[in-house]
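What follows is a set of notes on a single structure, which appears directly below.
The values are calculated or read from the model by the stated rules, or taken from the named source; none is laboratory data. For clarity, every value in this text was computed on a predicted model and none was experimentally measured. Note: ideal-geometry Cβ built from the backbone for every residue, glycine included; neighbour counts use all protein chains shown.
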Amino acid sequence: MQIRLRGGRRPTPAGSAEKAEETIRKALDPQEEGSVNFPDVVRARYWQTHRALGARAWRKLGEKYYGPLPAAFDAKHGPDVPISIFGRSGLGAYKGDGLQYVIIANALRFDWSEGQALVNRVDEVAERAQEWWGSIAKRARGQRKRAANAERERILYLCLGLMSSVFAAIDRENPLDHHHARTERSSAYRKAMVTLGERISAAETNLEDSLQRSAQLFYGRGMFAGAAGVAVVSVLVGLAFWHYHVLAEYGVAFPAGAVGALVSVLQRMGTRNAERRLSLDPNAGQRMLPYYGAIRAVVGGVLGYTIFVFLKGGLFPALSITTTAPLATFTGLGFLGGLNERWAQDMIAGSARRLQQDSS
């Protein structure tokens, strides 16, 4: 919904300029080291842009302190912190540990809800990147820590650029002093919103791809740990079989199924086919994904061994296997059960239905 504003002059900042200056002096006091924050910098730049006679005191205040405030902010956060400020519209953003931004709402003289929606999308991308890779960097060391920090910084810089572009489009659309606010948005603004929306969509896709790759690493580590556990159990069972003279064909399907599951996941990780590619839910969390991966290896082993049990017990009425190489046969069938989980489940479910029909 478009809002029509009467008169084009920006409202004079509310409150007293003298009290605002007292607050600034206190923030700049050496004994109050580190008390200058980013909103102070944005407000000073916003005051500096006022040209109306009634805002002369605020303009002087901005001109007086816009230099010292950014200097104090740099001293607090470091001189290399990237900052983007649009004083006329009271907009500003910077990249610290995460993406931070400030909006002085009464400085905007038009319905900027479309731009605000884009700002919220960019902020969500930055928050997800900070939360995911920031938590990795806190726990990891060495190369993993450096890689997590690098990926977080890459996405945050991308978000800062997008946020600055959205703010720039809003700033250009925001009416100057003594200008009437338009009831409809300019064609340049509408085009900018469409273009920026497409760029933000690309950034969201980029984030999802990065999250998938990172989640797959957690899942893969857990899966290899699960496969190692299956291998230990298989060795112990093999020793017991050897001691009691049990044929190896009775236990080989379990590790074969785990290997099949391992190969299946690795294949899906490397495929370019979007439909077959392994898709994980990063919202499951970095602590749970390795457990899910470990369970996948165990499930593959269980499915492989279940197929062996059904075949050996004659529970697949439509399938009869006679072979002179039972060890190789059951190894292959166990591998297929872990490799194609859906095929194994369909076989077991179909056999159960046929057995139920035969018994009724």
| Is there a residue in region 270-290 that is in the same structural domain as Ala225 (by TED's automatic domain parsing), assigned to a helix (DSSP H, G or I) and of a type in the set (Ser, Thr, Tyr)? | no
| query | Can you spot a residue in region 231-247 that is on the phi < 0 side of the Ramachandran plot, touching a residue at least 60 places away in the same chain (Cβ under 8 Å), outside the structural domain of Glu153 (by TED's automatic domain parsing) and surrounded by 14 or more Cβ atoms within 10 Å (Cβ to Cβ)? | reply | no
| task | Filter region 158-172 down to residues that are over 19 Å from Phe110 (Cβ atoms) and small (Gly, Ala, Ser) and give me whichever is nearest to the chain's Cα centre (by Cα). | result | Gly161
| query | How many of the residues making up region 191-209 are surrounded by 15 or more Cβ atoms within 10 Å (Cβ to Cβ) and among the basic types (Lys, Arg)? | reply | 1
| remark: Flagged in region 194-209 as without any contact (Cβ under 8 Å) to a residue 60 or more places away in the chain and either within 15 Å of Ile155 (Cα to Cα) or touching a strand residue (DSSP E or B) at 6+ places or on another chain (Cβ under 9 Å) (or both), in numbering order, are Arg199, Ser201, Ala202, Thr205, Asn206, Glu208, Asp209
| request: Determine which member of the set Gln100, Gln116 is assigned to a helix (DSSP H, G or I), modelled with pLDDT of 90 or more and not β-branched (Val, Ile, Thr). | output: Gln116
| Does any residue of region 176-190 turn out to be in contact (Cβ under 8 Å) with a residue 40 or more places away in the chain, among the polar types (S, T, N, Q), under 21 Å from Ser89 (Cα atoms) and surrounded by fewer than 15 Cβ atoms within 10 Å (Cβ to Cβ)? | yes
| message | Being more than 19 Å from Gly334 (Cβ to Cβ) and in contact with an Asp or Glu (Cβ under 7 Å, 6 or more places away or on another chain) narrows it down to one residue among Ser201, Ser210; which is it? | response | Ser210
| request: Give the residue, chosen from Ala105, Ala126, Ala168, that is surrounded by 19 or more Cβ atoms within 10 Å (Cβ to Cβ) and within 27 Å of Val81 (Cα to Cα). | output: Ala126
| field | Within region 46-80, tally of residues that are within 33 Å of the chain's Cα centre (by Cα) and within 23 Å of Asn174 (Cβ to Cβ) | value | 1
| request: Look at Phe254 and say whether it is at pLDDT below 90 and under 17 Å from Phe330 (Cα atoms). | output: no
